[in-house]
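Quick note: the coordinates plus some simple rules give every number you see, no bench work behind them. Just so it is clear, the structure is predicted and the values come from calculations on it, not from any experiment. Methodologically, a virtual Cβ is constructed for each residue, glycine included, from the backbone with ideal geometry; neighbour enumeration extends over all protein chains shown.
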């Protein structure tokens, strides 16, 4: 058959887990397709029945997502050019404890929560604010996928003059690297600060957009991703995403 698909891709497409997690579960013999344990790289029909071992489901339920108020001077991902990654800030001493809703107390830091923890999106070294790090590959895909519908909000302090035409271009009409940008929502908050709401995140997008209309960005802070806000999380501290919170 020519329409067979890798089982790990099928699992990711169905929202069972990420492809990386699927490969791990398959290696551990925790995945059955049509009643048979599969091997890494195996393919199956698009309509095949996929079952996860209880241990795989338990592992997925234990995954954590962390919200960090990243300071300027840290990179989002791997260390580079002598700069430290933001993940070094995920320590017990920097955990910001918040009241929890529902049953159960505040989740406390555990070393295993660092395993597989990765940033879901980037925040430039000279920018600050809300950075999401997660063990949940499916969540990461929803936040940073090319067609992600999740809006992100930024406070942007600028220098320079901007007329009505320039503001209109920031909202819609600019191109980066020869490609048109998706419509944004941009407005003034005060004399030197703009509010940006975007549904895409190209490299240094906001700074480059501002340059195209004659503005220089002197400060950039992400304050919201979807329905999750930075709120009162102190700079340099982090907290767990709570069960009732959804992006």
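Brief remarks follow.
- Between 191, 126, 23, the Gaussian network model of the chain with springs among Cα atoms under 10 angstrom shows the greatest mean-square fluctuation at 191.
- Computed over region 44-131, Cα set: Rg, Dmax in Å: 17.2, 49
- Remark on region 191-243: Rg and Dmax equal 13.7, 43 Å (Cα only).
- Percent of Cα pairs exceeding the 27 Å cut-off, where the set is the chain: 47 percent
- As a rough footprinting exposure proxy, the listed residues 223, 31 were ranked by other beta carbons within 10 Å of their own, and the order from fewest upward is 223, 31.
- Percentage relative contact order, region 152-225, counting C-alpha pairs under 8 Å, at least six apart: 51 percent
- The chain: calculated mean residue ellipticity at 222 nm from DSSP helix runs of at least 4, using -39500 (n - 2.57): -5000 deg cm²/dmol
- Projected label distance in nm at residue 20 and residue 118, using a 7 Å step from Cα toward the beta-carbon: 0.3 nm
- Full extension of the chain between residue 227 and residue 29 yields a length gain of 67.6 nm, computed as 0.36 nm times the residue separation minus the alpha carbon distance.
- Relative contact order for region 5-61: 35 percent, from Cα pairs under 8 Å spaced at least 6 residues apart, divided by residue count.
- Taken over region 5-61, the percentage of Cα pairs per 5 Å bin, counting from 0 up to the bin with the maximum distance, is 4, 24, 37, 27, 7, 1.
- Listed by Cβ neighbour count within 10 Å, with the fewest neighbours leading, 188, 30 appear as 188, 30.
- Per-residue Cβ neighbour rank within 10 angstrom, fewest leading, 113, 53, 244, 36: 244, 36, 53, 113
- Taking every C-alpha pair closer than 8 Å and separated by at least 6 residues, the mean separation divided by the residue count of the chain gives a relative contact order of 22 percent.
- Cα-derived Rg to Rh of region 152-225, Kirkwood definition: 0.91
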